[in-house]
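Below is one structure; the comments refer to it alone.
The values are calculated or read from the model by the stated rules, or taken from the named source; none is laboratory data. Just so you know, these numbers come straight off a predicted model, no measurement behind them. For neighbour counting, all protein chains shown are included, and Cβ atoms are generated from backbone atoms with ideal geometry for every residue, glycine included.
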Amino acid sequence: MRTVRRLGYLALVLGFAQIVFGAIVRITGSGMGCGDHWPDCFGSFTPAPNSPNLLVEISHRYGAAALSLAIVALAIAAWRNRREPGVGGRGGALRPSLLAIFLVVVAALFGAVTVKMELNPLVVATHLAIAMSLLAVLVVVVVRGGGLGATTVSSRSQRTFRSAQAAVGLTFLALVLGALTANTPGAAVACQGFPWCTAITEHGTPLWIQVTHRIIAFLLLGHLIGIGIGVRKRSEPGPIRNAAWAALGVVILQILVAAAMVEMHFPASLRSLHQAVGTALWIVVVALAALAAGPLTEGTSAIVRESPSRGEFATPEGVST
């Protein structure tokens, strides 16, 4: 279980870095740094870095390879330890580990489609959606492997779980709309000013995408405030409370970054930060839902119930009988 958890953390960190670096590829205009060649770069996997765009794009592809290897190692470890409680069976870490392999392959194939279609906005948004789905699966692996404090959550919190599911849906929608805003011509600058439009420079689809993105972001903020209040009133376990308040803090930070980005006319540094914070928000919200779901395997539940340390007449640790 420990090996699965550690590999899950490694894959999650690499996945986060890969998505953030993908935003840097887009912001620096390096998406076509290798031309329309894929998976090689102008006929080589180790091309001479004769331009900054090529270096950025090929580094992104190397990162994808490292993430793929980490996920393969994770799936192998989960398969080898599948008989351990919390790894195999329904609700264990094995199934999402195998799903992660499928998603990383699909993400790579869509990366090729993105290059071949010369960064079509809908394809780019789909690519991001697949990458975020992969990241969510890796969060689930970590939680089911006992990470993020999951071992101290002994039962499902039904009300928080339902609310967290809604938060996951809102966050996913905001991320996809954000990708469309960033990649649809004119959408990013269609609505000047923040939080409302003080000037409108584009109409039609670009404006609709931008305004809808903002509305969803503020709906998510209100929803996470409600979750934070609810988990405190219900005295939820510490990891769930921490995840709920972390999600609220990150969404506030994300809105502040968005406001600065719009008012400062979209500097590259703030655009990259906006992507990074949005990705972190996605991780935290998915972790909240996974933690609120509680232990899903019978083996894990049995260990919690039958552990001598939880018995009425338990022997204190370090004292022999």
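Annotations for the structure displayed:
- Within the range 67-97, being of a type in the set (Gly, Ala, Ser) and touching a Leu at 6+ places or on another chain (Cβ under 6 Å) holds for ALA70, ALA73, ALA75, ALA77, ALA78, GLY88, GLY91, SER97.
- Of all residues in the range 154-192, those satisfying the criterion of being among the small types (Gly, Ala, Ser) and in a loop (DSSP other than H, G, I, E, B) are SER154, SER155, SER157, GLY186, ALA187, ALA188, ALA190.
- Set side by side, the residues ALA73, ALA78 differ, and just one is buried (at least 17 other Cβ atoms within 10 Å of the Cβ) and in contact with a helix residue (DSSP H, G or I) (Cβ under 7 Å, 6 or more places away or on another chain), which is ALA78.
- Residues (at pLDDT 95 or above and β-branched (Val, Ile, Thr)) located in the range 58-71: ILE71
Per-residue answers, yes or no, for (1) touching a residue at least 24 places away in the same chain (Cβ under 8 Å); (2) surrounded by fewer than 17 Cβ atoms within 10 Å (Cβ to Cβ); (3) of a type in the set (Phe, Trp, Tyr):
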| site | (1), (2), (3) |
| --- | --- |
| GLY193 | yes, yes, no |
| TRP196 | no, yes, yes |
| LEU207 | no, no, no |
| GLY226 | yes, yes, no |
